[in-house]
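For reference, the structure is listed below as structure tokens.
The values are calculated or read from the model by the stated rules, or taken from the named source; none is laboratory data. This is a predicted model, so every value here is computed, not measured. So basically every Cβ, Gly included, is an ideal-geometry build from the backbone, and we count neighbours across all protein chains shown. To get the accessible areas, we keep the full protein, side chains included, count just its heavy atoms, and leave off ligands, DNA and RNA. Shrake-Rupley method; radii C 1.70, N 1.55, O 1.52, S 1.80 Å.
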Amino acid sequence: LTSSIYELAGSEFNINSTKQLSYILFEVLKLPPKKKIKTGYSTDEKVLNSLKNLHPIAGKILEYRKFEKMQSTYIKPLQEYAKDFKIYTTFLQTGTATGRLASKNPNLQNIPTSTDINIRNAFVTDKLFVSLDYSQIELRLLAHFSEDEHLINAFLEDKDIHLETAKKLFQNPEKFRNIAKSINFGLIYGMGAKKLAETINVSTKEAKEFIEKYFQNFPTVKTFLEEIKLKARENGYVETLLKRRRFFNFSSTNARNIANYEREAVNTIFQGSAADLIKLAMLEISKIENSGMILQIHDELIFDTADLENIKKFQTIMENIFKLKVPLKVGISKAKRWGEIK
């Protein structure tokens, strides 16, 4: 890619330098500049995408950046951390405000999956990698906390929750399932109409109408979400399922921060409660000898084991770790390479 870029540019230069790249694109190749910045003209992803049809160099630079990022962010650091062909991460109990475990040196929770080169495939085992993943745990918690009968019934009857939501909002539910999914998760993350509009690519007005229609169909959900914000402001904290508290200082802040705090308060209830459940499950599983538990990624536990009997036990532990008003469900996936786990 580097040689191709040099050839198309007519000379060698530092591809990682915005200033030098800007000079090549807009002075040497005379491509139309799109966005002015302090140091000259922008060469960001949006600009390069807009130049792709005008000159082949733009596409090559985008590809170069993708691989360069992969190389510098993941491949080289992982090679440095590998000791005796193994990598040992450090888990932080207090690394996140919501109570989820965080991982550092290296962060094994953010190894990407959707790339041309799946970095996770570098991780192999002579046994099996087995993933046990809580299915839609935050939406199940929403059903539990809000006690919304539609949500509870959908989970009790093991229905497709996003399709069920789409049926309430749209005349053609199959077509709009993905939009319903974005709305379902968006509300948990405190997403407003503007952010939802960007996510599902509609106008802010339409997104606002979707949210209003959702709340008309799920009124107890609206009441519950509003209650979280109200209690957070009254008490200065919110509590997760296991009564772990996250504090907010509403008294000495501006309106913008208040909106952020309210969004974080809502998110903490769901993310923090999901973290409670998986930590409880981890404690129980750790009592079983040679469990093979090697990694935790938010709602998922990964094991390196050939003992599939044990895996069934772990699934039972995870699904029965706490009695919610709806069942907890855990999916299992296994493979020889981490990247092949679904």
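Annotations
- Using a cut-off of 26 Å between Cα atoms, the listed pairs LYS181/LYS229; LYS167/LYS313; LYS181/LYS329; LYS104/LYS279 include LYS167/LYS313 as exceeding that distance.
- In region 61-194, taking the dipole from charged Cβ atoms about the Cα centre, the farthest positive-side position among TYR74, ILE152, ALA97 is held by TYR74.
- Å³ per residue enclosed by the Cα convex hull of the chain: 188
- For the chain, the share of accessible area belonging to carbon and sulfur comes to 49 percent (1.4 Å probe, ligands and nucleic acids excluded).
- Scattering curve values for region 242-316, log₁₀ I(q)/I(0), Debye with Cα scatterers, q = 0.13 Å⁻¹: -0.54
- A Förster radius of 22 Å, combined with the Cβ-Cβ distance separating PHE247 from LYS323, puts the computed FRET efficiency at roughly 0.20.
- Here r is the Cβ-Cβ distance between ASN153 and SER114 and R0 is 35 Å; the resulting FRET efficiency, rounded to 0.05, is 0.55.
- With each label modelled as a point 7 angstrom along the Cα→C-beta vector, the LEU230-LYS195 pair spans 2.3 nm.
- Note on region 183-342: percent of Cα-Cα distances in each 10 Å bin, starting at 0 and stopping at the bin with the largest distance, equals 9, 28, 28, 23, 11, 1.
- Partner lysines for LYS30 [C-alpha distance under 23 Å; skip if fewer than 8 residues away on the same chain]: LYS19, LYS38, LYS46, LYS52, LYS60
- By the combined test of axial Cα extent (at least 15 Å) and Kyte-Doolittle hydropathy (mean at least -0.5), the qualifying DSSP H helices of the chain come to 56-70, 177-188, 255-286, 308-319.
- Prolate/oblate/rounded label for region 151-262 (Cα gyration tensor, a/c 1.5): oblate
- Accessible heavy-atom area order of TYR64, TYR23, TYR189, highest first, probe of 1.4 Å: TYR23, TYR189, TYR64
- The value obtained for region 48-177, namely the Cα convex hull volume divided by the number of residues, is 219 Å³ per residue.
- Calculated FRET efficiency for the pair THR94/SER4, C-beta based, R₀ 41 Å, to 0.05: 0.30
- Percent breakdown of C-alpha pair distances by 5 Å bin, ordered from the shortest bin, for region 1-119: 2, 10, 17, 16, 13, 11, 11, 10, 7, 4, 0
- A simple count of charges around TYR214, restricted to other residues whose Cβ falls under 10 Å of its Cβ and scoring Lys, Arg +1 and Asp, Glu -1, yields +1.
- Eligible aspartates and glutamates near LYS213 by straight Cα distance, threshold 20 Å, same-chain separation 8 or greater: GLU147, ASP148, GLU149, ASP160, GLU164, GLU174, GLU198, GLU226, GLU227
- Extended-chain gain in nm, criterion 0.36 nm per residue less alpha-carbon gap, LYS175 and LYS205: 8.8 nm
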